[in-house]
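Computed from the coordinates by the stated procedures, all read-outs in this text should not be read as laboratory data. Quick caveat, the model's predicted, so the values are computed rather than measured. With ideal geometry, Cβ positions are generated from the backbone for all residues, glycine too; neighbour counts draw on all protein chains shown.
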Amino acid sequence: MKWIPWVLAVAAAGYCLYWLLRVLTHGGRTRRKALRIKMQLEQVWAEQEGVSPERPILVDSPSVVEPKAESANCPNCEHPMRVVEHTAETRAGRRLRVAYLRCDICGDERALFFALKK
Ligand SMILES: [Zn+2]
């Protein structure tokens, strides 16, 4: 009967090790999946028009810049972004409208570039 506590101790240690490995591997998988989703959202953002002065979004009027800019979602958390500033700047020898955006959820800041149709 002396062996019963030893058997229980070994079983408890084995269960703890099993639980720990399960938590660690599941956490790693979740982190990798979150990182993959973040990279995909960043790629979608980078491929859209307006993210660089070389590929601005063409608009008819400056009054549509802010509504169009605020239709963009944050590439980090997919929350709609808010225009914090709307300026007219010369970039790459071209007069552009620039909407500076901020995400109220994660604080990410981006700029979208617009050009007026001639
Ligand atoms: Zn965000």
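Report, ordered by the first and then the second residue, all pairs with beta carbons closer than 9 Å, sequence separation of six or more or different chains, a first member in the range 99-110 that is closer than 20 Å to P56 by Cα, and a second member that is part of a loop (DSSP other than H, G, I, E, B) and more than 8 Å from the ligand (Cβ to nearest atom).
A99/G50; A99/E70; A99/A72; L101/E70; L101/A72; R110/V51; R110/A72
Which pairs do you get when a residue that is without any contact (Cβ under 8 Å) to a residue 24 or more places away in the chain, found in the range 70-86, comes within reach of a residue that is more than 13 Å from the ligand (Cβ to nearest atom) and in a loop (DSSP other than H, G, I, E, B), reach meaning Cβ atoms under 6 angstrom, with the pair 6+ apart or on two chains?
V83/E70
Just to be sure, is V64 within 16 Å of the ligand (Cβ to nearest atom) and either of a type in the set (A, V, I, L, M, F, W, C) or buried (at least 17 other Cβ atoms within 10 Å of the Cβ) (or both)?
no
Quick one: in the range 72-110, of everything that is within 15 Å of the ligand (Cβ to nearest atom) and among the polar types (S, T, N, Q), which residue is nearest to V51 (Cα to Cα)? Steps first, answer last, please.
Kept after step one, since they are within 15 Å of the ligand (Cβ to nearest atom), are these residues of the range 72-110: 72-84, 100-110.
Narrowing the set further to residues that are among the polar types (S, T, N, Q) leaves 73, 76.
Values: N73: 13, N76: 15 Å.
Here the answer is N73.
Restricting attention to the range 6-57, and to residues there that are of a type in the set (G, A, S) and closer than 25 Å to K117 by Cβ, which single residue is surrounded by the fewest Cβ atoms within 10 Å (Cβ to Cβ)?
Going through the range 6-57, the residues of a type in the set (G, A, S) turn out to be 9, 11-14, 27-28, 34, 46, 50, 52.
Right, trim to closer than 25 Å to K117 by Cβ and you get 46, 50, 52.
Values: A46: 10, G50: 23, S52: 13.
The residue in question is A46.
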